[in-house]
1. Spin-label point model (7 Å from Cα, Cβ direction): what's the Gln247 to Thr162 distance in nm?
2. Give the average over all directions of the projected area of the C-alpha convex hull of region 264-303, one decimal, in nm².
3. So what's region 1-82 giving for Cα Rg divided by 2.2 N^0.38 Å, two decimals?
4. Run the reach check for Lys44 against lysines, Cα to Cα strictly under 18 Å, same-chain hits fewer than 8 apart removed. What comes back?
5. Using only the alpha-carbon atoms, how far is helix 182-191 inclined from the longest principal axis of the chain? Give it as 0 to 90 degrees, nearest 10.
6. I'd like the GluC sites (Glu not before Pro) in region 34-98 restricted to DSSP loop residues with at most 14 other Cβ atoms within 10 Å, sorted by number.
7. What angle do you read, to the nearest 10 degrees and between 0 and 90, between the alpha-carbon axis of helix 153-163 and the longest principal axis of the chain?
8. Top mean-square fluctuation among Ala109, Ala269, Ala81, Gaussian network model of the chain, C-alpha springs under 10 Å?
Amino acid sequence: MAALYDCIIIGGGIAGLQAGIQLGRYKHKTLILDSNNGRSNLCKNYRNILGWPEGVSGETLRQNGRKQAERVGVVFKEQLALSMDKNAGVYLITTDQKEQLETKTVLIATGVMDRLPPDIANLKKCLGETMFICPDCDGYEVEDKKLIVVGSGQAGAGMAITLNYWTKDITFINHEQKELDESTLQDLKDLGIQHIFKPIKEILVKDDSIFEGVRFEDGEKIEGERGFVAFGGNRVHSELAEKLGVQLEKKHIVVNARTKETNIENVWAAGDVVAHSEQVTIAMGDGVQAAIWIHKRLRSFEH
């Protein structure tokens with residue numbers, strides 16, 4: 001018979017790692033399933049985290065977090081959870097390697113993945129350094145810079161309008177050439193944001209991480225000092241939760257604000273799959289909060 005875990009955490013990103021560390025410190029038998037393909041794998045530098053004034057990469061946080069979790073007994077499997085079923089009070093999770101795992105409680109921390117078109121060369125090279133995704137995290141980094149927003153339709157235009165708070169020199173390139181409504185077009189015009197309606201071939205990069213502009217498919221180039229990405233249609237990885245009957249709102253998992261438990265008993269959720277806050281610090285806090293209440297539930301099983 002398969003070993004019974006106290007908690008299986010689905011997702012080895014920031015929320016999942018922080019929850020694992022907390023549960024390990026509670027001495028619970030904890031497993032993290034990590035497909036190693038999350039948003040935090042992409043970001044080369046988070047600059048708005050307390051204690052890291054020069055920034056820290058997602059890779060560093062993940063590597064250090066895994067070491068810290070393993071130090072307190074957390075087990076990792078680089079596998080993808082495909083299905084989850086409940087039987088006699090125990091959850092059975094089946095992975096892409098056809099392994100079946102049993103657990104008393106589950107934490108879903110599967111996150112969100114940004115839509116980044118594969119046809120634009122070098123798009124991922126500068127992320128977190130000189131090209132960004134989240135204005136709340138990195139709007140400050142483009143202050144008074146010549147900014148190019150690489151995006152699509154309303155999502156890209158909305159990002160350009162938002163970033164007008166930090167810089168007035170903005171060009172929005174509508175790569176997928178999606179139409180904008182009249183109100184948005186007027187807003188761009190009123191703010192002096194240039195709107196270019198044609199596809200990009202590649203991001204121009206210097207020294208592997210310095211954004212210098214874009215080259216269009218017709219060969220024309222535009223120079224810039226910083227870039228932002230906004231294509232819309234980001235994927236919320238809540239499919240597994242939905243199949244189990246977890247309540248969703250706009251594809252995000254609905255949780256109890258205090259405990260982070262879902263409407264399904266003994267199933268919790270944390271991180272961007274819940275709030276889409278795009279904030280590492282909120283993901284950390286959610287992970288700890290969920291772990292505290294998972295611990296309380298596991299303790300109640302003993303009495």
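1. For the pair Gln247/Thr162, the computed spacing is 2.6 nm.
2. Reported value for the Cα convex hull: 2.8 nm².
3. For region 1-82, the normalised Cα radius of gyration is 1.14.
4. Lys124, Lys125, Lys206
5. Here the helix axis deviates by roughly 70 degrees.
6. Qualifying residues, ordered by number: Glu54, Glu78.
7. Once rounded, one gets 80 degrees.
8. The residue with the greatest mean-square fluctuation here is Ala81.
The values are calculated or read from the model by the stated rules, or taken from the named source; none is laboratory data. Computed from a predicted model, the values in this text were never measured in an experiment. Positions of Cβ are generated from backbone atoms using ideal geometry, with glycine treated the same way; all protein chains shown enter the neighbour counts. To get the accessible areas, we keep the full protein, side chains included, count just its heavy atoms, and leave off ligands, DNA and RNA. Shrake-Rupley method; radii C 1.70, N 1.55, O 1.52, S 1.80 Å.
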